[in-house]
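Chemist: Take a look at this one; I'll ask things after.
The values are calculated or read from the model by the stated rules, or taken from the named source; none is laboratory data. Please read these numbers as outputs of a predicted model, since none were measured by experiment. Methodologically, a virtual Cβ is constructed for each residue, glycine included, from the backbone with ideal geometry; neighbour enumeration extends over all protein chains shown. Surface areas here come from the heavy atoms of the whole protein model, side chains and all, with no ligands, DNA or RNA. Shrake-Rupley method; radii C 1.70, N 1.55, O 1.52, S 1.80 Å.
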Amino acid sequence: MGSLSGKNAVVTGSTSGIGLAYARAFAAAGANVVINGFGSPEDIEKERAKIESDFGVKAVYSPADMTKPVEIAGMIALGEKSFGSVDILVNNAGIQFVSPIEEFPIEKWDQIIAINLSSAFHAIRAAIPGMKKKGWGRIINTASAHSLVASPFKSAYVSAKHGIAGLTKTVALEVATNKITCNCISPGYVWTPLVEKQIPDTMKARNLTRDQVINDVLLDAQPTKEFVTSEQVAALALFLCGDDAAQITGTNLSIDGGWTAE
Ligand code: NAD
C-alpha cells in the first residue's frame, strides 16, 4: 500500500515537465490521477496508459484548457465523477514569454495571467467543496523563484507567480480548520520544455548565444550551478501530501539551488 492509496489527485499541465513528474510520483504512491495539458493525442494516451500499467492505479485525461473557467470546473467534476473525490489538487500548468515590457504583446499578458494565475483560482474554487465534505485536502501550487524575486523581461510571469503566492496564503487561511492545506512550491530553473523554449527569446532580448543564456543567465541565478530536477520537485509535493506535513500550510517552499538566498 502506497502512502497515497485511496487518494485521488488532479494535476494541471501534466503532459510534460514538472506536472508529469508530480502525476507519476503520486501514482507511484498509490493515488489515482487526472492528467491534463496539451500535446498529441497519441503521446497523451501513451502517458496515461503507462501511469496505469507502471503503478496499478487509475489515470484519466482531462483536455481542459486552463484559460477557460468552465472547462477547469469540468476537470474537477471529471475527477469527482471518475474517482469519487478530488483529494489532491496541483495547479501547475504554466507558460512563459520573454520580452521587454514596451513590446510585450497584450494577448500574451492576458494568456499568462489566465493560465499561470487565474486557472488556480478557478480550480481551487471548484475543488474546495468536495475537500471540505471529506474533511481532508491538499492543494499545491507550482509557483517559482519568480514568486519571490523578479528578472527583467518577464513582467507577466513574475506578476502571475507573485499572485499565486498571495492566493496560496489566502486559501490556506480560509480552509485552515478543514484539514485542508494549501502551499506553493517555488522551483528555480528546472530543465523542462518551458525553459528550453525561452532560450531563443532570451538570446534575442539580451543579445547572447545559447551557451551564454544557459550558463550566464539561467545557471548564473543558481548558486549550486545545477538545474533542479522535476523529480526533486515532485518529491517535495509528495511530502506535502503526507500526514507529517499536516501543519505546513500557507507557505512558499523554495527549491532553487540557493537562488533566493542571495
Ligand atoms: P512544461 O512546458 O514542460 O509544461 C507545462 C504544462 O502546462 C504542459 O503540460 C502544457 O501542455 C500545459 N499547459 C500549457 N498551457 C495550458 C493550457 N492553456 N491549458 C492546460 N494545460 C496547459 O513546463 P514546466 O517547466 O514543467 O512548468 C510547469 C510549471 O512549473 C509552470 O507553472 C512553470 O511556471 C513552473 N516552473 C517551472 C520552472 C522551470 O524552470 N521549468 C521553474 C519554476 C516554475
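Chemist: Could you look at the chain and say what percent of its accessible area is carbon and sulfur, using a 1.4 Å probe and all protein chains?
Modeler: Ligands and nucleic acids excluded, carbon and sulfur give 56 percent.
Chemist: Right, here's the next one. Lys and Arg at +1, Asp and Glu at -1: add these up for the other residues within a Cβ distance under 15 Å of residue 219 and post the number.
Modeler: Overall, the nearby charge balance is -4.
Chemist: Also, quick follow-up: Roughly how many Å is it from the Cα centre of the stretch 87-109 to that of the stretch 3-38, as a whole number?
Modeler: Cα centres, the stretch 87-109 to the stretch 3-38: 22 Å.
Chemist: Relative contact order for the chain using alpha-carbon pairs under 8 Å, separation at least 6, rounded to a whole percent?
Modeler: Reported as a whole number, the value is 19 percent.
Chemist: Right, next: With each label point set 7 Å from Cα along the Cα-Cβ vector, what nm distance links residue 136 and residue 243?
Modeler: Rounded to a tenth, the inter-label distance reads 1.0 nm.
Chemist: Can you give the direction-averaged projected area of the convex hull of the alpha-carbon atoms in the chain, in nm²?
Modeler: The directionally averaged projection comes out at 13.5 nm².
Chemist: Under a plain spin-label model, where a point goes 7 Å from the Cα along Cα-to-Cβ, how far apart in nm are residue 224 and residue 125?
Modeler: Spacing of the two 7 Å Cα→Cβ label points: 3.7 nm.
Chemist: Can I ask one more? Please list 152-160, 103-111 highest first by mean number of surrounding beta-carbon atoms within 10 Å per residue.
Modeler: 152-160, 103-111
Chemist: Further, regarding this structure: Tell me, what is a quarter of the convex hull surface for the C-alpha atoms of the stretch 62-201, in nm² with one decimal?
Modeler: If I average the Cα hull's projected area over directions, I get 8.6 nm².
Chemist: Taking residue 81 as the anchor, which lysines have their alpha carbon closer than 27 Å to its alpha carbon, excluding any fewer than eight residues away along the same chain?
Modeler: Within the straight-line cut-off, residue 81 pairs with 7, 46, 50, 58, 68, 132, 133, 134, 179.
Chemist: Which distance in nm do the two modelled labels at residue 43 and residue 206 give, with both placed 7 Å along the Cα-to-Cβ direction?
Modeler: The modelled label-to-label distance comes out at 2.6 nm.
Chemist: Assign unit charges at the C-beta atoms only (+1 for Lys and Arg, -1 for Asp and Glu), then state the dipole size of the chain relative to its Cα centre in Debye, rounded to the nearest 20.
Modeler: That gives a dipole near 760 debye.
Chemist: Hey, what's the chain come to in accessible area per residue, 1.4 Å probe, Å²?
Modeler: Per-residue value: 45 Å².
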